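For reference, the structure discussed in these notes is given below.
What follows is calculated from the coordinates using simple rules that are stated; it is not laboratory data. Quick caveat, the model's predicted, so the values are computed rather than measured. So basically every Cβ, Gly included, is an ideal-geometry build from the backbone, and we count neighbours across all protein chains shown.
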Amino acid sequence: MKPLQNLAVGYDGSPDAAIAVRWAFGTARETGATVTIVHATGLLEHLHERFSPDRLPPALLALAEECEFNTSSLRWLVEDGDACSVLLRMGSPPVNADVLVVGSRGQGKRVGLLIGSTSLEVVEHATLPVVVVPSSNATP
Amino acid sequence: MLVINGPYSDSEHEEPGHPERPERLVSAMAGVEDLHLGSDLIVAPTYSASRAELVRVHSGNYLDELGAFCYSGGGDIDQDTYATMDSWAIAKLAAGAGLKVIEELQRRNDGVGFVAARPPGHHALADRAMGFCLLNNVAVASAELLSQGERVLIIDWDVHHGNGTQQIFWDEPNVLYVSTHQWPLFPGSGSVSEVGGRHATDRTVNIPLPPGATGDVMRRAIDDIAGPVIDTFDPTWVLVSAGFDAHRDDPMADLRLTSGDFALMARCVSDFAPRPGRVVMFLEGGYDLDALRSSVHATLSAALGHSYEAEAPSNGGPGTEHVARMHQARRLAIEMLYASDATETT
C-alpha cells in the first residue's frame, strides 16, 4: 500500500465534521501527510457567505493548535457544489487525495437510507478509500 | 395558445425560510394571468408520473429511497435540499406535468407549453437529489419524447448549470443539451470542455458566463456556439429549463439579465422548433417573486408571438471575450475525445 500523502476532509462547521478533522490531524501527524480540508458551497450558502475561500475558519486553526498539527501541512479549499459531489472530486487533480475523511451523520430514525446522509452517499459512490469517523453521540 | 400544467396545491412541500417556496408558483401563475389569454389558455390534466416513466431517468433504488425518506417524515437531504412527508407525491406530479403538456400539444398540433410545477428538477441526478431538486422533470419529459423517436433539444437558461440533466443524457445521441449559466457557481460543473459522452460527442454545449454578464453576451454565445450545433442536430422538440434566477434582481446569483432578455431568448429558442406545438418551458429556479412574475410574463408573451413591453434587454456586461475562447475550447475538447477514441481503437 502506498504511503498516505494527502488526506481530504469534508468540513461543514458541524461538531461531527470537527471530529473528522481531529482524526485526520492525528493520522497526518503520524504519517507526515498533508491535510486538505474541503468545504462545499451549496446553493443556500450563496445567500449567506458562510465560509471564505481566502481565510481558514478560526475553528480549524483552533483545532490544529489543539491537535498540535503544523499548519504548513494544512490546505483549505472551498468548492461550489453539494457536499457529496465536491467530496467525490477530491480523488482527482488538483487535490489527488489518497483517502477521504468524513464525519458520520444521518443516523437515527432513517438508519439504512442513503438519502440524508452525506457519509453514506460518499461511501456508496467513492473511488478512493473513505474513512467515516463516528460521531461523539454514536451509541454502540 | 398556451398549454399549462399546474400549479398544484403544494404548500405541503415547504420548509420555513427556504427560498424554494410555494409563493414562487403564485408569482409564476401571476405572470401567466398577466397575459390575459382567455380561452387561449388550456390547462392540461393533473398527472402523477408512473414508476415506469421515472425509471427511464432515475434508478429504481433512488426512487425507493426517496419515497421511503418522505414517508418516514422527510427532512434535509443535503445542505440545500429538503423533502417533507408529502414531497414524494408532489414531486411525481411535477414530473408528470410535462408529460400531459406534451400530450396536449401533440393533440392540438399547436401552442406553447408551460410547466408551472415545483420542486424544480434540473439538478436531480439519476440516483441523487440535490440543489432543491428531487425528480428531474425536464428529463422525464425528454425520455418520453425519446421513446417516441423524437430528437430533443434541451435549452437550460437557469443561472445554475443543470448537472442532473447533463448527466442523465450524457451519452444519449438524440438529446442535445445546451446550458447557459454563471461560472463559477453551484454545482461546480458545466465547463466548456464537457461536450458529451463517447456515443454523444458534441451533444452537450456548456456556455459558462462570468458574474455580471448581461443578455447581449448570452445571446451572442447562443448564436455563435450553440446555433451551429443546434442546426446540425435538427431537433424535433425544444424543451426549456426555464429558470429565472439569472435576472439581475435574483438573490441567488450575479448575472444581470432582465425580463426583456428572457423574452429575446424565448423568441430565439422558439425558432429552433420545427413547427408550432413543439416548445415546452419548464419552471426551474427564480427566487425574486417580482422578477419571476415579470420574466414569466415576458417569456411566454414572446414565445406566443405577442407584443409586450418588458424591461429593456441588458447589455455591456463582461464576458464577450470569453465567447471566442469558449468556441476554441469546445473544438479542442471534441478533438481530444475523438483522438482518445482513435488511440483506443488502434
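Numbers at a glance
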quantity	calculated
Relative contact order (%) - criterion: Cα under 8 Å, at least six apart; region: the stretch B:182-339	31 percent
Neighbour-limited loop hits for trypsin sites (Lys or Arg not before Pro), the stretch A:21-56 (at most 16 other Cβ within 10 Å; DSSP other than H, G, I, E, B)	A:Arg50, A:Arg55
Listed residues B:Pro45, B:His58, B:Ala68: farthest to the positive end of the dipole of the stretch B:36-78 (Cβ charges)	B:Pro45
P(r), alpha carbons of the stretch B:217-302 - 10 Å bins starting at zero, rounded %	18, 48, 29, 5
Kirkwood-Stokes translational diffusion coefficient of the protein assembly as shown, alpha-carbon pairs, 20 °C, 1.002 mPa s, µm²/s	92 µm²/s
Coil-residue GluC sites (Glu not before Pro) of the stretch B:286-346, DSSP, other Cβ within 10 Å capped at 16	B:Glu309
Selection from A:Ala64, A:Thr27, A:Leu120 lying farthest towards where the dipole of the stretch A:6-133 points positive, charges on Cβ	A:Leu120
For chain B, fraction of C-alpha pairs farther apart than 26 Å, in %	44 percent
Overall form of the stretch B:51-204 per C-alpha gyration tensor (a/c, 1.5; a/b vs b/c)	oblate
Label-reachable residues, the stretch B:175-194, where backbone N falls under 17 Å from a point 7 Å from B:Tyr338's Cα toward its Cβ	B:193-194
Rel. contact order, % - alpha carbon contacts under 8 angstrom, at least six apart, chain B	19 percent
Under 5 Å, built H, 5+ apart or other chain: amide partners of B:Phe244	B:Glu284, B:Gly285, B:Gly286
Dimensions in Å of the stretch A:6-133 - Rg and Dmax from alpha carbons	13.9, 41
Sparse-neighbourhood loop sites, trypsin sites (Lys or Arg not before Pro) in the stretch B:239-287 - DSSP loop, at most 12 other Cβ within 10 angstrom	none
Additional length obtainable on full extension of the chain from B:Leu37 to B:His18, 0.36 nm per residue less Cα span	3.6 nm
Peptide-level mean, for B:126-134, of C-beta atoms on other protein chains within 10 Å	4
Check: chain B dipole with +1 on Lys, Arg Cβ and -1 on Asp, Glu Cβ, in debye	700 debye
Proxy reagent accessibility, fewest Cβ within 10 Å first, across B:Glu284, A:Glu66	A:Glu66, B:Glu284
Farthest toward positive dipole pole in the stretch B:228-346 [+1 Lys/Arg, -1 Asp/Glu at C-beta], among B:Leu332, B:Thr299, B:Thr236	B:Thr236
Potential lengthening between B:Ser59 and B:Glu103 on full extension [0.36 nm per residue; Cα-Cα distance subtracted]	13.4 nm
Inter-part distance where the stretch A:4-61 and the stretch B:181-255 are each reduced to a Cα centre, Å	32 Å
Cα-centred dipole magnitude for chain A, charges only on beta-carbon of K, R (+1) and D, E (-1), debye, nearest 20	260 debye
Anisotropy class of the stretch A:4-78 from Cα gyration tensor, a/c 1.5 cut	prolate
Shape of the stretch B:165-319, Cα gyration tensor, a/c cut at 1.5	oblate
Dipole magnitude of the protein assembly as shown about its Cα centre (Cβ charges: Lys, Arg +1; Asp, Glu -1), debye to nearest 20	680 debye
Contact order normalised by residue count of the stretch A:6-133, Cα under 8 Å, 6+ apart, percent	32 percent
